[in-house]
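Structure, as structure tokens:
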Amino acid sequence: MKHDYYRMTGCLLALWICVSCTVREDRSDCPCYVDLDYRQVLLSTRADDAAGRVEVAFYDPACCWTAAHALRSCPEEEEVAVEKGQLQVVAVVHTHPWQHFLEAGTQIVCEPGNEIDALSVHTEYVDCRGETTRCLLQPHKQFTTLTFTDEQDGALCRQYHMVIRGTTCGFEATDFSAVEGPYHCTIQEADESGAIRVRVPRQKRDDLLLEFWDKKEQRLVFTCPVGLYLFASGYDPAAPDLPDCTLRIDFRQALLYLLITDWNEETIYRLYE
């Protein structure tokens, strides 16, 4: 009997050890806590963007979680609880506090007649299958500013309305691809230096066209294939951060000098044929 008692006790102890080593708490329904890091957003934001905001959205087939912060009060970090899985994170940084770009989805377009907003976007897939993960938001510039100057001290503004036309009207925030659609913008106001500036959306083709309209007679005088010149100069429509360009016009010689920001040399083209 005494041996049977010890034998039974040993079996129960072994069974308890076995059960305690194999039974685990089921945490599949627990959320994943994502640590959103906004520090790169705040570092890349200019002081005059303080009125703007940053929007963040998590996308999966079942749901969409969104949040927004004014840049002047944006935290450096934020913890968000989401359902476990592979989620896509999209963040849009902009300077219009009254707009909500991600409410209607991730396709961002500009209305005909308007230049595109000054937008920077971060997008990536985040593995949220564990209990915690981290996401560093690093926004990329999604517009090109074209700056027009001339050799005749403001002749652009005195003589012409300038209209820019194309077939790309925006971009898809999830992969930075260009969105096709009619695009045009009238540009006629110069800044203090006499330069004219316009923000254009990410381009898909080289068909961006610049029109010069006579102010008095309201007629089209000539056109310039500025998109063809941009692509020939090295404009990359797939670049994560789109460059800005300066276009210096010499009406006497009918020449256009194109310089992509941070490049070393201007490229010379005919202003019109």
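General remarks:
- Think of the stretch 173-266 as having a plus end and a minus end, set by charges on the Cβ of Lys, Arg, Asp and Glu; of L210, W263, V221, V221 sits farthest toward the positive end of this dipole.
- Relative contact order (percent, whole number), the stretch 81-132, Cα cutoff 8 Å, 6+ residue spacing: 61 percent
- Listed by chain and number, the aspartates and glutamates whose C-alpha is less than 16 Å from the C-alpha of K141, apart from same-chain residues fewer than 8 away, are D49, E55, E115, D117, E124, E172, D175, D236, D241, D244, D262.
- Paramagnetic reach from I268 in the stretch 237-253 [backbone N under 17 Å; point 7 Å along Cα→Cβ]: 247-253
- For Q107, the residues 5 or more places off, or on other chains, whose built amide H falls under 5 Å of its own are A173.
- For the stretch 142-273, the relative contact order works out to 27 percent when only alpha carbon pairs closer than 8 Å and six or more residues apart are counted.
- The phi torsions of the stretch 225-240, fed into the Karplus equation with coefficients 6.51, -1.76 and 1.60 and a -60° offset, translate into couplings of x, 5, x, 4, 5, 4, 5, 5, 7, x, 4, 10, x, 9, 5, x Hz, rounded to whole numbers, with Gly and Pro shown as x.
Any read-out appearing in this document is the output of simple, stated calculations on the displayed coordinates, not a laboratory observation. All figures in this text were calculated on a predicted structure; none of them were measured in a lab. Note: ideal-geometry Cβ built from the backbone for every residue, glycine included; neighbour counts use all protein chains shown.
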